[in-house]
């Protein structure tokens, strides 16, 4: 798991002011940070982060989230009543899956997830005793999602389960692809045809690096497809304070926006969330800064823009560097890192190393990653933790280290890989 | 749900310093608050609250929790490895119940809970599709827990389920009783005999008001009963930043201490918690201040002690006042509020009001509480939300409002009750 990739100063400033409002008269803080803090506190019980909030979240923060979504999606309206603040995105995803899976019926509920996937999904599905329905991303085409693969996976799954949910991760984790608008349209059409609930994990929406890629939200595309779609397809989309250019994961801030939720499901959701009282209020305040950053006429704006651009251009640089250096290594193939924060290169593991791993009762990519760790101290996650096509091997590595350190790491991986090939060929 | 009952200044000071470490050179903060913040930050990834922590929680905070438990329990050792930081106590309770219920077997798992109970328990049991096994607290004896009642409830439940867990809330919510040491010993002996997992909800451990009562932790009593018990009985106990004299519920800080956990259960717990990444790190920092408050030789100590004593003596005063005023009302009977933060008086509802409620398809105590709300604006929770013996009626009211306001509220409830009796007799 990544540590905080950066710290934009405005977020901790606002959260600190909310935490200890005595600081509101301190000259150390810019006036707009204080205004933000005052506004959040006015909407908090007892004007304090130390009180419970409503289970759905502090109202003015839900309003700010709705305004953010409207700006992001070119003015398509967002309703604060459809916004639920959560304890990071994971909590929202686990909550909505729990409700969708808990319905009556004889067949177990199927949940479609990409392979490779972020293991929150497989873990939640297993905890809920639902059926994991895999659809494979197309590594040959930059991890694209192909609707014919979705259709095949769905029809196979219908033989032994009741598939109700389709999960999409865009930009992809661990795969780093950014979906095209056309692909999203096809996915929405498929969900509409098949009556599937769409769960769009969009936590990397601010992390797009390839110049020929752009983030399109499922909400926006759904709306643009017209009322036949936008009035019927059930959608939950997720965002978080943990990624983007802020990367403040420790606060556990997040939100989900729901659309076309069946009233029974909505009632269950409200009930379930109220049992857990409320998401951490400091995480809610952090979320507010993410969705409502300094505006051009505010004191913090210039510094904010500089910091934001520094973070994003550094990530973009490291994304290109990583792809380039991996692809120079014989036996490593790496798709472009279009977005998110990870490389997920395919690695060639020689048959003799595969046999050795089998002797040790471990997966070949786990064997590879353990050897890498032992020889270089570099810790990457084997592809088998995310899922991959049989006979292919990968690992996930973050691009968060500073650029010079990352360059050294990549060189070490390269040297290791060459030695590994030598040893086992 | 209660708002923050108070704010002791040291807690938000430390959390603000951790949130925005630039403040560590500010003269506005006492040196010991800065030392606390520095120590916490040194144990945080990237020295920041904005990074993920280990899933079990920040190590130095788990150490502070262990030292707190040792001081509380007269030196009985506590192991930081047995401490898990949580997102409030609710999250810990729901997590451990989930694991205990998920085992194999044909009969559904039974979970014993007190009636009246805090509804987190009934909700979690229902979500998990486990069997709720009620044992009744003895209202005639100040809501005491009688082991013969536990035994009866267990034997009945064995006919249709596999009871594995015994939940205790001490001090009681909503009932406010504080268990005697002898009672706790009997409960532990019963759990030992029957092989039950003990789940001790001790979030009100600092909220004891009656002079003839004292909080005894299950951990301490278990240890004092000797190795036959302390080496075998499985126990999880819970605490939180939300209650006590700090009352900082919005941070969602909490911890659980586990003892004698089966290694398989422990492994499942670690796996489950790691899927959710980590509890909010600012809540962890808040928990640190609760378990490691200013010491006598530190600058903040005098103010801390004054604030703490003011909060606790005010709560004690309001506890007595509430009992006294309720018991002056004909048709209201209120047990002493020995601890926690609530009164749970028994109310006499005349048969004609019960009939009226039945006509309206509502519970008689719900009818009463809605009338109270409509006529006075006072919101209390009907006893049927917590469970109560058939034919008895109660409501839960917090004692958190300032004393003069509380006095006026109690007077309004009294006037309402007299009018209600008049109307329906």
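Which whole-number percent is the relative contact order of segment B:1-141 (Cα, under 8 Å, 6+ apart)?
In percent, rounded to a whole number, it is 13.
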*For segment B:118-144, list residues with backbone N below 11 Å from a point placed 7 Å from the Cα of residue B:392 toward its Cβ?*
B:136-144
*Quick one: if you stick a label point 7 Å off each Cα along the C-beta vector at residue B:26 and residue A:159, how many nm between them?*
6.5
*asked:* Run the simple label-point estimate for residue B:106 and residue A:54 please: 7 Å along Cα→C-beta, distance reported in nm.
replied: 5.0
_Residues of segment B:182-219 with the amide nitrogen closer than 15 Å to a label point 7 Å from the Cα of residue B:76, along Cα-to-Cβ, please._
B:182-192, B:198-202, B:215-219
*Stick to Cα atoms and the Kirkwood definition of Rh, then tell me Rg/Rh for segment A:262-379.*
1.18
_Quick check on segment A:160-314: what are the equivalent-ellipsoid semi-axes from the Cα gyration tensor, as sqrt(5λ), descending, whole Å?_
29, 22, 14
*Relative contact order for segment A:10-291 using alpha-carbon pairs under 8 Å, separation at least 6, rounded to a whole percent?*
24
*Is there a simple number for the mean count of other chain Cβ atoms within 10 Å of the Cβ of residues in B:245-256, and what is it?*
5
*GNM on chain B, C-alpha springs below 10 Å: top fluctuator among B:366, B:287, B:246?*
B:366
*As computed over the protein assembly as shown, the Cα convex hull volume per residue (Å³)*: 182
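What is the calculated FRET efficiency for residue B:141 to residue B:228, with r their C-beta to C-beta distance and R₀ = 30 Å, to the nearest 0.05?
For residue B:141 and residue B:228, the calculated efficiency is 0.55.
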*Could you please rank B:229, A:368, A:155, placing first whichever residue has the fewest other Cβ atoms within 10 Å of its Cβ?*
A:155, B:229, A:368
*So how far, in whole Å, is the C-alpha centre of segment B:205-234 from the one of segment B:365-411?*
32
*Could you work out the mean count of beta carbons from other protein chains within 10 Å of each residue's beta carbon in B:113-122?*
1
*Bin by bin, in steps of 10 Å, what percent of the Cα pairs in segment A:10-291 do you find, going until the bin that has the longest distance?*
6, 29, 34, 21, 8, 2, 0
*Relative contact order of segment A:167-277, pairs being alpha-carbon contacts under 8 Å that are 6 or more residues apart, as %*: 24
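Sum -39500 (n - 2.57) across every DSSP H segment of at least 4 residues in the protein assembly as shown, then divide by the residue count to get the 222 nm mean residue ellipticity, nearest 500.
The per-residue figure over the protein assembly as shown is -14000 deg cm²/dmol.
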_Can you sort B:36, B:72, B:181 from fewest to most other Cβ atoms within 10 Å of each residue's own Cβ?_
B:181, B:72, B:36
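Per residue of A:53-59, how many C-beta atoms from partner chains lie within 10 Å of its own C-beta, taken as a mean?
1
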_residue B:419 versus residue B:301: modelled label distance in nm, points set 7 Å from Cα along the beta carbon direction_ = 5.4
_Suppose you put the label 7 Å out from Cα in the Cβ direction; list, shortest first and in nm with one decimal, how far residue B:271 is from each other copy's label._
3.0
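Readers should treat all values here as calculations from the given coordinates under stated rules, not as data from a laboratory. Remember, it's a predicted structure, so these values are computed and weren't measured experimentally. FYI the Cβ positions are ideal-geometry reconstructions off the backbone, even for glycines, and counts take in every protein chain you see.
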